[in-house]
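Only one structure is covered here, and it is reproduced in the block below.
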Amino acid sequence: MPTRAGGAGLHCPACGQDYREQARCPDCGQPLEILKACGAVDYFCPHGDGLIAKKRVTLSLVPR
């Protein structure tokens, strides 16, 4: 069953669980810091991989 967007996350009506998207580094798999400025969104890996291009970011669903 598909999840539904609501508020600041996603909700699965089948299991009743709320989720949020988490950006992860495609190289090390660790969570990324999201940098927002002047309408642009950049991703930074604090674990040594530096700036990560938006198209390389891996998004995963994490329970709230």
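The values are calculated or read from the model by the stated rules, or taken from the named source; none is laboratory data. Everything numeric in this text was worked out from a predicted model, so none of it was measured. Methodologically, a virtual Cβ is constructed for each residue, glycine included, from the backbone with ideal geometry; neighbour enumeration extends over all protein chains shown. In case anyone asks, the SASA skips ligands and DNA or RNA and just uses the protein heavy atoms, side chains included. Shrake-Rupley method; radii C 1.70, N 1.55, O 1.52, S 1.80 Å.
For residue 58, what residues show an amide H to amide H distance below 5 Å, using hydrogens built from the backbone and excluding near sequence neighbours?
24
Per residue, how many Å² of accessible area does the stretch 15-64 show with a 1.4 Å probe? Let's see the in-between values first.
Numbers: 3540 Å² over 50 residues.
I get 71 Å² per residue for this part.
Let me see the P(r) profile for the chain: every Cα-Cα distance counted, bins of 10 Å, each bin given as a percent of all pairs.
Histogram of Cα-Cα distances, whole percents per bin: 21, 40, 30, 8.
Taking 8 Å as the Cα distance limit and 6 or more residues as the minimum spacing, I'd like the relative contact order of the chain as a percentage.
The value is 30 percent.
Can you compute 3J(HN,Hα) from phi for each residue in the stretch 44-55, using the Karplus curve 6.51 cos²θ - 1.76 cosθ + 1.60 with θ = phi - 60°, rounded to whole Hz and x for Gly and Pro?
Per residue, the Karplus-derived 3J(HN,Hα) values read 10, 9, x, 9, x, 8, x, 5, 10, 5, 3, 6 Hz.
What does the charge add up to near residue 29, with Lys and Arg as +1, Asp and Glu as -1, over the other residues with Cβ less than 13 Å from its Cβ? Before the final figure, lay out the partial values.
Working: positive: 24, 56; negative: 27, 49.
For residues surrounding residue 29, the net value is 0.
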